[in-house]
Structures are given as C-alpha cells and as structure tokens.
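What follows is a single structure, written as structure tokens, with notes after it.
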C-alpha cells in the first residue's frame, strides 16, 4: 500500500513538472492568447487592468496591451486641459481595433489626423460589448474624463443582438430600466475564467478541444462546454437582418436597441457632450460576393432581401432627435471596395485599410465641429 501511495505521489510530481515545462515552453516559444476579461456581476465581464496578451486568428495576430484603466490606449489624466478637446470612442471589437495594432484603430488614426488641434481621442471600445454594456461602462468609467464628444461605433449585426441577449436593460411597465439582477457565476465558470487569464496551456488545450468535434460532443454531454456557443446563438438572430421581414426576435432586439440609444442621447444632453453614432457596415453590405456567399451558407437564397434596412432604420430613429450626428460610411466603403478591400477575408473585422477609411470619413465629417 505504501508503494502505491509513493508511486502516486511520484506520478503527481512528474505530471506537475511536465505541466510547468510545457507552460514555460509555450510562454517563450509559442505564446497563446489569454482571456483579457474578468467576470463582472453587472457588465458580465470587464477588461483587466495593466494586462498584456495577444489576439490570434488564422489571418493575423495582434498584441493586446491594456492600461491601468483596462483600455487599449495609453494613460490619460482625469484632469483635462481647458484648451483640449476630448473625444471618447465607444463600441465593440471594431472600435477596440481587435484585428489591427493599437495605433491602427480608427480612434487613434482619427487622433493623428487631428494633431493640428489640441485633441485627445480615448479608445474605450471593448470586444463583445453591446450598447447596453457600453452605456453602463461609460457611465461608470468614461464620464469622469469629461468628454466633449462621444463617438459610438454602432455595428448592428452584433450590437442589436447583444442588447437583447445580454439583458443589461429591461422594460418595466413600458419604461427601459437597468436590470437590477446581478449575475451569479458558478464555481466552474469562475475556475475557467481564472485559468483562461493565467495559463497558456489552458488556452492551447481549449483550442484543441474546440477543433475536435468528438471531444467537444463529449464535453457538451457532461456540461463542461455549452451546447450552443455564443456565435451560434448570434447567428440564430442576425441572419434575418438582411431579409425584408423582421422576425419577432429582431423586432424585440431593435426596440431594446433604440431605447438604449435614447438613454445615450438623454445622457449627452444632461452632461453636455456631442453624441455621434458611427454606423459600421458589415462585410456583406459592402461586398456583393461576400453577401452571396453569406446567403448561400445560411440557406437564404431566393428570399426577399432588404440588405440596407439597418441603415434606414437607424437614420429614421436619429431623425427624431435634434443635435445628434449620424455618420454612415456605407456608400463610401462600397464605392472604394475592390475585391473585399477593407475586411479580412475570413474574419469579419476591418483590416488596416478599413480602419484608415473609417478614420478618414470621421475626420472629414467632424473636423469643423471640433473647436
């Protein structure tokens, strides 16, 4: 019996040593992307502070460096020079610049174009956030910077769905209110989040599991992997955004989205900052070949389409308010597109050229409004 215990202890020590060696080798030779979000009972998740990692896709790898405020930007003083015009850029992964270097995001390129003026552009874009989360994050962490202008990068293909699914706001007697329920995370979720933030080995194993259908099926059966992942859930909703008729889910999502944007607008009036909605078109709206492929993959051929109804809808909504700026670059992206110029071929985000054009359009529309 003693020998059995001794052998088990030796085996355990050996496995720990092997694990440590693998972790060290991965960190030095093959660094893996780490999760740069912590769990948050109000926001679902919030960015880590003073954190470095990489974001990796088959077409690109980008370094991620977060400031002491958890932003993909350099440090900013809360105290603003009276002569400085301060802009905050909100949005999801497009605004964050997930698919490009930090200084290649449209927010930082806009700041560079405005260098003749005393202007700061603070990038507060966060991947995976919907407008509800962006509003809460801005109220908690953005208002203290006393912005003169806020640019909300609005990508309806994700934002509208996120606003419905994330349930950061709810309707109570017809009025939109912040959801009072706090999120309760299971111990397993907390453990997974911790490991995903700390261990390159976990990131590697997670990727291998995701790529192996048989292993994924087994883990789904025992509950270690969710049966419907986030991307699949989103696809169930936004495929009909290109169709003439809205589904009930789309109608609910748009109702929620417009109410949240209304809260943003009200806040801008109360706090005295200019509010700009920057519409971000999808790859399928800009490039016809990508649209045809999307329709084929989602078995939507032959159905009645209305590809640009999202643009009309947001324009009609903003038209009900005075003093709100809507910038829709769709036509310029389409006119300058040649064989998918502005998006990655596989990934749905803008490449460097996409961010450059976005910054140019923002600059041309805003340069005379910034004093």
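The values are calculated or read from the model by the stated rules, or taken from the named source; none is laboratory data. Because the structure is predicted, anything quoted here is derived from the model rather than measured. Don't worry about glycine lacking a Cβ; one is built from the backbone with ideal geometry, like all the others, and counts go over all protein chains shown.
Summary of computed values
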quantity: Among residues of segment 27-47, those that are more than 16 Å from residue 133 (Cβ to Cβ) and in a loop (DSSP other than H, G, I, E, B), counted; calculated: 6
quantity: Residue 131 vs. criteria closer than 18 Å to residue 47 by Cα, buried (at least 20 other Cβ atoms within 10 Å of the Cβ) and within 12 Å of the chain's Cα centre (by Cα); calculated: yes
quantity: Any hit, segment 1-22, residues being without any contact (Cβ under 8 Å) to a residue 12 or more places away in the chain, part of a loop (DSSP other than H, G, I, E, B), loosely packed, with under 13 Cβ neighbours inside 10 Å and not assigned by TED's automatic domain parsing to the domain that holds residue 347; calculated: yes
quantity: Residue list for segment 266-288, filter: part of a helix (DSSP H, G or I), modelled with pLDDT of 95 or more and surrounded by fewer than 18 Cβ atoms within 10 Å (Cβ to Cβ); calculated: 266, 267, 269, 270, 271
quantity: Looking only at segment 334-371, and only at residues there that are part of a loop (DSSP other than H, G, I, E, B) and free of Cβ contacts under 8 Å to residues at least 60 places away in the same chain, the one that is nearest to residue 156 (Cα to Cα); calculated: 342
quantity: Selection count, segment 321-333, where residues are outside any strand (DSSP E or B) and either surrounded by 15 or more Cβ atoms within 10 Å (Cβ to Cβ) or touching a helix residue (DSSP H, G or I) at 6+ places or on another chain (Cβ under 7 Å) (or both); calculated: 7
quantity: All positions within segment 54-81 that are free of Cβ contacts under 8 Å to residues at least 12 places away in the same chain and either more than 17 Å from the chain's Cα centre (by Cα) or surrounded by 18 or more Cβ atoms within 10 Å (Cβ to Cβ) (or both); calculated: 74, 75, 77, 79
quantity: Out of 357, 300, 326, sole residue that is over 30 Å from residue 136 (Cβ atoms), in the same structural domain as residue 116 (by TED's automatic domain parsing) and at pLDDT 95 or above; calculated: 357
quantity: Residue among 29, 78, 8, 25 that alone is out of contact with any strand residue (DSSP E or B) (no Cβ under 9 Å at 6 or more places or on another chain), modelled with pLDDT under 95 and under 23 Å from residue 194 (Cβ atoms); calculated: 25
quantity: Residues satisfying the stated conditions in segment 81-105, i.e. in a helix (DSSP H, G or I), in contact with a strand residue (DSSP E or B) (Cβ under 8 Å, 6 or more places away or on another chain) and closer than 21 Å to residue 131 by Cβ; calculated: 94, 95, 96
quantity: Residue match in segment 54-63 (condition: modelled with pLDDT of 95 or more and either touching a helix residue (DSSP H, G or I) at 6+ places or on another chain (Cβ under 6 Å) or assigned by TED's automatic domain parsing to the domain that holds residue 141 (or both)); calculated: no
quantity: Members of segment 301-320 that are part of a helix (DSSP H, G or I) and either touching a residue at least 60 places away in the same chain (Cβ under 8 Å) or surrounded by 15 or more Cβ atoms within 10 Å (Cβ to Cβ) (or both); calculated: 309, 310, 311, 313, 314, 317, 318
quantity: Single residue of 143, 176, 152, 126 found to be within 26 Å of residue 85 (Cα to Cα), assigned to a strand (DSSP E or B) and in the same structural domain as residue 307 (by TED's automatic domain parsing); calculated: 152
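Quick grid of which residues meet (1) over 28 Å from residue 325 (Cβ atoms); (2) in a helix (DSSP H, G or I); (3) modelled with pLDDT of 95 or more:
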{"residue": "197", "(1), (2), (3)": "yes, yes, yes"}
{"residue": "202", "(1), (2), (3)": "yes, yes, no"}
{"residue": "215", "(1), (2), (3)": "yes, yes, no"}
{"residue": "218", "(1), (2), (3)": "yes, yes, no"}
{"residue": "228", "(1), (2), (3)": "yes, no, no"}
{"residue": "238", "(1), (2), (3)": "no, yes, no"}
{"residue": "250", "(1), (2), (3)": "no, yes, no"}
{"residue": "262", "(1), (2), (3)": "no, yes, yes"}
